[in-house]
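First up is the structure itself, then whatever we jot down about it.
The values are calculated or read from the model by the stated rules, or taken from the named source; none is laboratory data. This is a predicted model, so every value here is computed, not measured. We place every Cβ from the backbone using ideal geometry, glycine too, and count neighbours over all the protein chains shown. Quick note on the areas: whole protein, heavy atoms, side chains included, nothing else; ligands and nucleic acids left out. Shrake-Rupley method; radii C 1.70, N 1.55, O 1.52, S 1.80 Å.
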Amino acid sequence: MSDLRSTYMGIDLQNPVIAGASDMSKDADKVKRLEDAGVGAVVAKSLFEEQIQLERAKLDEDLEKFNNRNPEMITVFPNVSHAGPDEHLVWLRKAKESVDIPIIGSLNAVEKDTWVEWSQSLADTGIDGLELNFYHVPDDYRRTAEEIEKEQVEILEEVKKKVSIPVSVKLSYAYTNPLHTIMRLEKTGIQGVVLFNRFFEPDIDIWSEKDISPLNFSHRIDNRLPLRFAGLLGGRMSADICCSTGIYTGEDVVKMILAGASCVQTVSALYRNGLQVVEKMLSEVSEWMSQRGYASVDAFKGHLSGSSGEDPWRYARTQYVDLLMNPEKMVHNAPVT
């Protein structure tokens, strides 16, 4: 029997397949179903500061809607205010108490003070780890790359001072040099990095001439990007690597671990193929390990990373040059999506 156990951020996992943050992990009942499906850990649905801000503004608007109609009646109603992150914290605490697998909280904030304050609140629920979701879409040409990265470093430094649980950061690939940025963030003492955030891309309906926001699921071909960067980083940093985006099969899991990842996060596969896909993925990993003679995940982790010594250039541009010089190496089969 293959040993599928792994470790991420210093947290013991029964297997390397983690359910990423989504609506499938937004309450205690859904987290329990994910545990029953066999995942090694769950990242709870993110706590979004922007969502709280919008809900608070909407509540204030509704409470004041009729103030000018009967101004003498304003003081009749009790003081009501938005609960802020409290509802999220309550169900997260219940989720943690209801399962045995690790629960990782997720935070996507805006203001520096909120990052720190809400990180503490999330940690107080008893979760096993915390994922800071640096979902930054460049939308201001006046901000420099250095300003953005410096701000993220400072946020991590402050959070690390306030919480004792392991902290990871989930990043986009939209940095001038993601490798430098990741190494820079690692110096703050984070225990993990997730590669990569998947952007919600805008679209336009040309017939109604309106903006639309379709839900864009990933495809298997999308995992090539985290695979490349896991290979470039594997063995070169102390923080654990978790690969996200395009993880659909046991083969995808094995690839990421060979490149240097400790685990993977999957979301689209759960939506598209149902929770039963987890068992299938784990069975495929176990079968591959048996056929290759690997008794544990650690036995093959990083075997094909850029630091393994076998081929230090496999993830670099020289790979592209090699294909140009040796076109017979190119695979002409259409990629599986």
Residue, surrounded by the fewest Cβ atoms within 10 Å (Cβ to Cβ), within region 151-173, restricted to residues that are out of contact with any Leu (no Cβ under 9 Å at 6 or more places or on another chain) and in contact (Cβ under 8 Å) with a residue 40 or more places away in the chain: Ser164
Going by the conditions given, is Thr176 out of contact with any Cys (no Cβ under 9 Å at 6 or more places or on another chain), touching a residue at least 60 places away in the same chain (Cβ under 8 Å) and of a type in the set (Val, Ile, Thr)? no
If a residue must be open to solvent by 10 Å² or more (accessible area, probe 1.4 Å), farther than 16 Å from Arg224 by Cβ and either modelled with pLDDT of 95 or more or hydroxyl-bearing (Ser, Thr, Tyr) (or both), how many such residues does region 235-269 contain? 3
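Go through region 131-171 residue by residue and tally those that are farther than 24 Å from Gly105 by Cα and assigned to a strand (DSSP E or B). First the steps, then the outcome.
Start the filter on region 131-171 by keeping residues that are farther than 24 Å from Gly105 by Cα, which leaves 138-147.
Still in the list and also assigned to a strand (DSSP E or B): none.
Number of matching residues: 0.
Which residues, taken from region 275-306, are charged (D, E, K, R) and either under 21 Å from the mean Cα position of the chain (by Cα) or not in a loop (DSSP other than H, G, I, E, B) (or both)?
Glu279, Lys280, Glu284, Glu287, Arg292, Lys301
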Checked region 200-229 for anything more than 30 Å from Ser262 (Cβ to Cβ), of a type outside the set (A, V, I, L, M) and open to solvent by 90 Å² or more (accessible area, probe 1.4 Å); matches are Pro202, Trp207, Glu209, Lys210, Asp211, Ser213
